[in-house]
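The values are calculated or read from the model by the stated rules, or taken from the named source; none is laboratory data. These numbers were taken from a predicted model, which means no experiment stands behind them. Virtual Cβ from ideal backbone geometry, glycine too; neighbours counted across all protein chains shown. Note: accessible area is taken over every heavy atom of the protein model, side chains too, but ligands, DNA and RNA are not part of it. Shrake-Rupley method; radii C 1.70, N 1.55, O 1.52, S 1.80 Å.
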Amino acid sequence: MKQVWKKRAVAATVLVFVGAAVYLNWRYADNVADTSKVLGQSTLVNSQEETEDNAQQSAQSDYFATARLSRKQARDNAISMLQEAESVANAEQSVLNEASEALQVLASYTVAEAQIESLVTAKGYADCVAFMGDESISVVVSDADGLDTTDVARIKDIVISETNYTAGQIKIMEAN
């Protein structure tokens with residue numbers, strides 16, 4: 001009986017850590033380091049204004065690349081922990097089912113985020129990254145003209161069509 005409780009406790013602990021890792025990745029995605037300078041990158045400068053525009057575009061593209069990499073690393077860590085939980089010898093079936101369901105949820109998040117990002121950029125926005133969670137989704141968009149209410153509505157329509165989130169669960173942010 002004690003072994004069953006130990007296994008349940010281990011599985012619950014793993015699931016809590018996975019959830020915490022995904023949440024922290026999502027929460028701190030805006031706090032990425034400034035990577036606007038890339039070693040070996042050079043730019044021909046004609047005017048100060050062009051330099052500032054190029055630096056801003058570079059910083060935004062770096063933000064999106066860093067955010068995607070951070071999201072992927074957090075998901076990979078969560079998946080490996082869930083797979084370890086599944087491979088525990090003598091694991092209870094309910095623990096195996098929970099780990100399998102969590103893996104399926106993470107896989108569906110990955111597919112939906114990629115689809116949303118592709119559809120948003122297909123609508124003419126410069127770049128986009130989506131972060132799905134249990135209760136909400138955040139979509140960060142880069143647009144040269146800035147986002148207005150029409151843009152927000154267009155992006156929300158895409159998210160609603162690709163997920164089960166309601167309009168109130170969708171957060172649209174503009175990358176600075």
Report, by residue number, each residue of region 137-176 that is open to solvent by less than 70 Å² (accessible area, probe 1.4 Å) and small (Gly, Ala, Ser). Ser138, Ser142, Gly146, Ala153, Ala167, Ala175
From the set of residues in region 74-93 that are loosely packed, with under 14 Cβ neighbours inside 10 Å and in contact (Cβ under 8 Å) with a residue 12 or more places away in the chain, which is nearest to Val129 (Cα to Cα)? Gln83
Enumerate the pairs (first residue in region 95-121 and part of a helix (DSSP H, G or I); second residue anywhere and of a type in the set (S, T, N, Q)) with beta-carbon separation below 6 Å, excluding pairs fewer than 6 apart on the same chain, so at least 6 apart or on different chains. Ala112/Thr163
